[in-house]
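J.: Before I ask anything, here is the structure I am working with.
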Amino acid sequence: MAGSLFIVAAPSGAGKTTLVRALLSRDAAVRLSVSFTTRAPRDGEVNGVAYNFTSVPDFLARRDRGEFLEWAEVHGNYYATSRNWLEEQLAAGHDVLLEIDCQGAAQVRQIFPQAVSIFILPPSFEVLESRLRGRGTDSEEVITRRLVGARDEMQQVDQFDYVIINNDLQVALDELSTVVRAARLRTPLIRVRYPQSFLPAV
């Protein structure tokens, strides 16, 4: 595998999507894996850019054909990562970022143990709750469900290689960029990309 695989997970409201978008704007070499989902598009979301939006029957058919690297049901909706697209990108030497939930992250790490996993934490649970309520887009029932899920996800933080606390967006972005740059310098990847720099084995 010539490219690096990055897994970014976080509880809802931690600012994961904002950070990932900022990273992609800063580092054009990172490609975002566009997940499949059965949830309805939100305002401004474009099919094929934010997600590959699909129906439940189509999603389940794709899953049964083995098209997904991982899949999960989150807050009543299905999400999945395309296996073929991801493997093609990595084989071609491209860096790929997966923005997924903890359940999906665990599945991907089993298949790609060399993946770099990053967990985004809010400064505190109270700040997380304030952010979710401040959106003004979800019902109290949805907010309560997300908070329950967030508590469970935040308990899984030790399963990740790196943790970034998103208190200051610019600082968090710099830290995320640092992880990405350092990962590109791992010895096995450099050997593949620059074989001429290495002496033959004795």
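The values are calculated or read from the model by the stated rules, or taken from the named source; none is laboratory data. Quick caveat, the model's predicted, so the values are computed rather than measured. Cβ sites come from the backbone with ideal geometry, for glycine too, and all protein chains shown count toward neighbours.
J.: Only one of these is in a strand (DSSP E or B), within 15 Å of the chain's Cα centre (by Cα) and either closer than 30 Å to residue 194 by Cα or free of Cβ contacts under 8 Å to residues at least 60 places away in the same chain (or both): 72, 106. Name it.
T.: On the way: 106 fails: in a strand (DSSP E or B).
Result of the check over 72, 106: 72.
J.: Quick one: residue 12 ticks every box in (1) under 19 Å from residue 84 (Cα atoms); (2) at pLDDT below 95; (3) buried (at least 17 other Cβ atoms within 10 Å of the Cβ) except a single one, so which number is it?
T.: Only one criterion in (1) under 19 Å from residue 84 (Cα atoms); (2) at pLDDT below 95; (3) buried (at least 17 other Cβ atoms within 10 Å of the Cβ) is unmet by residue 12, namely (1).
J.: Output the number of the condition that residue 64 fails; it satisfies all remaining conditions of (1) charged (D, E, K, R); (2) in contact with a strand residue (DSSP E or B) (Cβ under 6 Å, 6 or more places away or on another chain); (3) at pLDDT 90 or above; (4) farther than 23 Å from residue 23 by Cα.
T.: (2)
J.: Given 81, 18, which one is polar (S, T, N, Q), farther than 19 Å from residue 161 by Cβ and either in contact with a helix residue (DSSP H, G or I) (Cβ under 8 Å, 6 or more places away or on another chain) or assigned to a loop (DSSP other than H, G, I, E, B) (or both)? Outline the logic, then answer.
T.: Working: 81 fails: farther than 19 Å from residue 161 by Cβ.
From the options 81, 18, the qualifying one is 18.
J.: Residues in the range 139-150: is at least one touching a strand residue (DSSP E or B) at 6+ places or on another chain (Cβ under 7 Å), crowded, with 17+ Cβ neighbours inside 10 Å and either over 23 Å from residue 23 (Cα atoms) or among the polar types (S, T, N, Q) (or both)? Lay out the reasoning, then the answer.
T.: Of all residues in the range 139-150, those touching a strand residue (DSSP E or B) at 6+ places or on another chain (Cβ under 7 Å) come to none.
Scanning the range 139-150 turns up no residue that is touching a strand residue (DSSP E or B) at 6+ places or on another chain (Cβ under 7 Å), crowded, with 17+ Cβ neighbours inside 10 Å and either over 23 Å from residue 23 (Cα atoms) or among the polar types (S, T, N, Q) (or both).
J.: Looking at (1) surrounded by 12 or more Cβ atoms within 10 Å (Cβ to Cβ); (2) free of Cβ contacts under 8 Å to residues at least 60 places away in the same chain; (3) over 30 Å from residue 193 (Cα atoms), which is the only condition residue 124 fails?
T.: Condition (1) is where residue 124 drops out.
J.: Where in the range 114-202 are there helices (runs of 4 or more DSSP H), lying wholly inside it, with at least 2 residues that are at pLDDT 95 or above?
T.: 169-183
J.: So, of the residues in the range 15-36 that are under 13 Å from residue 98 (Cα atoms) and hydroxyl-bearing (Ser, Thr, Tyr), which turns out to be surrounded by the fewest Cβ atoms within 10 Å (Cβ to Cβ)?
T.: Here the residue is 17.
J.: List pairs: first in the range 44-63 and closer than 23 Å to residue 31 by Cβ, second assigned to a loop (DSSP other than H, G, I, E, B) and hydrophobic (A, V, I, L, M, F, W, C), Cβ under 9 Å, 6+ apart or cross-chain?
T.: From the range 44-63, the pairs are 44/50; 48/34; 49/34; 50/34; 51/34; 52/34; 53/40.
J.: Testing residue 82 on (1) among the polar types (S, T, N, Q); (2) touching a strand residue (DSSP E or B) at 6+ places or on another chain (Cβ under 9 Å); (3) in contact (Cβ under 8 Å) with a residue 60 or more places away in the chain, one condition comes back false. Which one is that?
T.: All conditions pass for residue 82, except number (3).
J.: For the subset of the range 55-73 comprising residues that are closer than 19 Å to residue 111 by Cβ and not charged (D, E, K, R), which member is surrounded by the fewest Cβ atoms within 10 Å (Cβ to Cβ)?
T.: Checking each candidate, the answer is 66.
J.: Can you say whether residue 39 is surrounded by fewer than 17 Cβ atoms within 10 Å (Cβ to Cβ), outside any loop (DSSP other than H, G, I, E, B) and touching a strand residue (DSSP E or B) at 6+ places or on another chain (Cβ under 6 Å), as far as the supplied structure shows?
T.: Numbers: surrounded by fewer than 17 Cβ atoms within 10 Å (Cβ to Cβ): yes; outside any loop (DSSP other than H, G, I, E, B): no; touching a strand residue (DSSP E or B) at 6+ places or on another chain (Cβ under 6 Å): yes.
Criteria not met by residue 39.
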